[in-house]
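S.K.: Let me begin by handing over the structure; questions about it come next.
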Amino acid sequence: MAGTSEGQATEYYIDVDSAGDHGRAIKPMIVSRMGYVMRQSLTADVIEDMDADDLIQQVAYHAAEDRDFLLPDTPLKESVFRVLLANENKPMTSEEVSKILEDKWSLSPYPRDTSPEVIERLLAGGGDTYCFVAVPPPAPSEEETETKSEAVAEEIEVEGALEE
């Protein structure tokens, strides 16, 4: 499983800002995950004027609670996309997404491998289709960099003393 250098799990989100770079129209992708009644209430002009984040909020607050939003026979990559939408596109780890799918589909007649490893592969490889991106690891602070430099310098001194 991928992780940062500190051993923390990688978090992913849907990059609505660069979706166009991948040839994706993100707003229609989001709107198509809304319930029928909600989709009918939105005109093309309203959708055009709305921010993608506002559309995600609409999905999270209204459509995600619909029993048909995340059916057990939904393709796995699509299910991951819907889980991220339902979570208001807040960054999530593969473990968190896996847990939600396992809880949702625990009694499903369709057994699926929703392990964190499988979800991680889908998130890491879903950039073109669903615009999944990893949250970049935080840059080390000056204090951390200095501490690491001092540790390396001490290690070199110890190795030098051992060689003598």
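The values are calculated or read from the model by the stated rules, or taken from the named source; none is laboratory data. Note that the structure is predicted; figures quoted are calculated from it, not measured. Here the Cβ positions follow ideal geometry from the backbone for every residue, glycine too, while neighbour counts run over all protein chains shown. These area figures cover heavy atoms from the full protein model, side chains too; ligands, DNA and RNA do not enter into them. Shrake-Rupley method; radii C 1.70, N 1.55, O 1.52, S 1.80 Å.
S.K.: Hey, can you find the accessible area per residue of the stretch 81-131 for me, probe 1.4 Å, expressed in square angstrom?
M.R.: 50
S.K.: Same structure again: Using a 10 Å cut-off on Cβ atoms, rank the peptides 109-117, 78-86, 63-71, 93-101 from the highest mean neighbour count down.
M.R.: Top to bottom by mean Cβ count within 10 Å: 78-86, 93-101, 63-71, 109-117.
S.K.: Right, next: If you stretched the chain out fully between Asp113 and Lys90, how much longer would it get, using 0.36 nm times the residue separation minus the C-alpha to C-alpha distance?
M.R.: 5.9 nm
S.K.: What shape does the stretch 43-108 take by its C-alpha gyration tensor, where a ≥ b ≥ c are the square roots of the eigenvalues and a/c under 1.5 counts as rounded, a/b above b/c as prolate, and the rest as oblate?
M.R.: Verdict is prolate for the stretch 43-108.
S.K.: If the convex hull of the alpha-carbon atoms of the stretch 65-143 is projected onto planes in all directions, what is the mean projected area in square nanometres?
M.R.: Computed as one quarter of the Cα hull surface, the answer is 6.4 nm².
S.K.: For Asp73 and Ala9, what is the calculated FRET efficiency with R₀ set at 25 Å and r taken between the beta-carbons, to the nearest 0.05?
M.R.: It comes out at approximately 0.35.
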